[in-house]
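**Student:** Let me give you the structure first, and then I'll get to my questions.
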Amino acid sequence: MVGWVQQRLPSLRAEPIAFAHRGARAYARENTLESFQLAAKLGANGVETDAWLTADGHVVLDHDGVVPSRLRRPRPISEVALKNLPQHIPSLDAFFEVCGTNLHVSIDVKDDNTLKPIIDSAKNARMPLDKLWLCHHRIEFTLEARKQFSDVRIVDSSRLKRIKEGPEMRCALLAQHGVDVLNMHISDWNGG
């Protein structure tokens, strides 16, 4: 009996990108400048993080988007000024100052209002925009972002169960609109 072998297509990239998810979080507090710097020292050529906009318009890097409050429930970052955030939460500007612009940076856009400020921060830092990967979970937002910003990488981050038309049709739609990547959770991938 002859078994079926999955055809392996050549990569479109000469060198793969090793994104360190939230930095080197096994060795340092995640989403901190220390964690991002350590990831680069350990060999990552990219980092992944999440971005939020503060009350005073700064892009900051944090996973949950909330900060503790002594008197009540955690407050959304969008209600807090940069100077009042915990010190471990860095701004994107501080990230570029400390880590430079040689790493690929994958940013999950958690607050829809952060898209343009993220790109502005990268441009101010003189980061090569083809190393900036902006990810969003809503296909409508992703397609609109591609229309508005042609000089950055746009990523559709989804789960297989949310792609009602199927992954092949989703990829065709993304290609038609010039979206660079479909990003799915590792548990959603298989040999087919």
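The values are calculated or read from the model by the stated rules, or taken from the named source; none is laboratory data. Since this is a predicted model, take the numbers as computed values, not measurements. Here Cβ is always computed from backbone atoms with ideal geometry, including for glycine, and neighbour counts include all displayed protein chains. Each accessible area value is taken on the protein alone, full model and side chains, heavy atoms only, with ligands, DNA and RNA left out. Shrake-Rupley method; radii C 1.70, N 1.55, O 1.52, S 1.80 Å.
**Student:** How much length would be gained if the chain were fully extended between residue 56 and residue 14, taking 0.36 nm per residue of separation minus their Cα-Cα distance, in nm to one decimal?
**Tutor:** Numbers: separation 42, 0.36 × 42 = 15.12 nm, distance 4.07 nm.
Here the segment from residue 56 to residue 14 would lengthen by 11.0 nm.
**Student:** For the stretch 112-190, which GluC sites (Glu not before Pro) pass both filters: DSSP loop (anything but H, G, I, E, B) and at most 15 other C-beta atoms within 10 Å?
**Tutor:** On the way: sites: 140, 144, 165, 168; in loops: 165.
When the GluC sites (Glu not before Pro) of the stretch 112-190 are filtered for loop state and at most 15 Cβ neighbours within 10 Å, 165 remain.
**Student:** Only Cα pairs within less than 10 Å get springs; with that Gaussian network setup on the chain, which residue of 33, 103, 42 has the largest fluctuation?
**Tutor:** 42
**Student:** Restricting to Cα pairs below 8 Å that are 6+ residues apart, what does the relative contact order work out to for the chain? Please round to a whole percent.
**Tutor:** 15 percent
**Student:** Still on this model: Just going by the charge dipole of the chain, with Lys and Arg at +1 and Asp and Glu at -1 on Cβ, which of 82, 94, 21 is farthest out on the positive end?
**Tutor:** 21
**Student:** Shifting gears a bit: Write down, largest first, the equivalent ellipsoid semi-axes of the stretch 84-192 in whole Å, where each equals the square root of 5 times an eigenvalue of the alpha-carbon gyration tensor.
**Tutor:** Whole-Å semi-axes of the equivalent ellipsoid: 27, 16, 13.
**Student:** If the convex hull of the alpha-carbon atoms of the chain is projected onto planes in all directions, what is the mean projected area in square nanometres?
**Tutor:** 13.8 nm²
**Student:** How large a share of the accessible area of the stretch 87-186, in percent, is made up of carbon and sulfur atoms when the probe is 1.4 Å and the other protein chains stay in place? The partial results should precede the final answer.
**Tutor:** On the way: 2590 of 5240 Å².
Within the stretch 87-186, the accessible surface is 49 percent carbon and sulfur.
**Student:** Only Lys, Arg, Asp and Glu count, each charged at its Cβ (+1, +1, -1, -1), so figure out the dipole size of the stretch 1-121 about its Cα centre, rounded to 20 debye.
**Tutor:** 360 debye
**Student:** On a 1.4 Å probe surface of the protein chains, which of 133, 52, 189 comes out largest in accessible area, and what is the full order?
**Tutor:** Output order, biggest surface exposure first: 189, 52, 133.
**Student:** Moving to a separate point now. How far, in nm, would the chain grow between residue 83 and residue 181 when pulled straight, counting 0.36 nm per residue and subtracting the alpha carbon separation?
**Tutor:** Full extension of this stretch gives 31.8 nm more.
**Student:** From the Cα gyration tensor of the stretch 56-144, with a ≥ b ≥ c the square roots of its eigenvalues, which class applies: rounded if a/c is under 1.5, or else prolate if a/b is larger than b/c, or else oblate?
**Tutor:** Because a/c hits 1.5 or more and a/b fails to exceed b/c, the stretch 56-144 counts as oblate.
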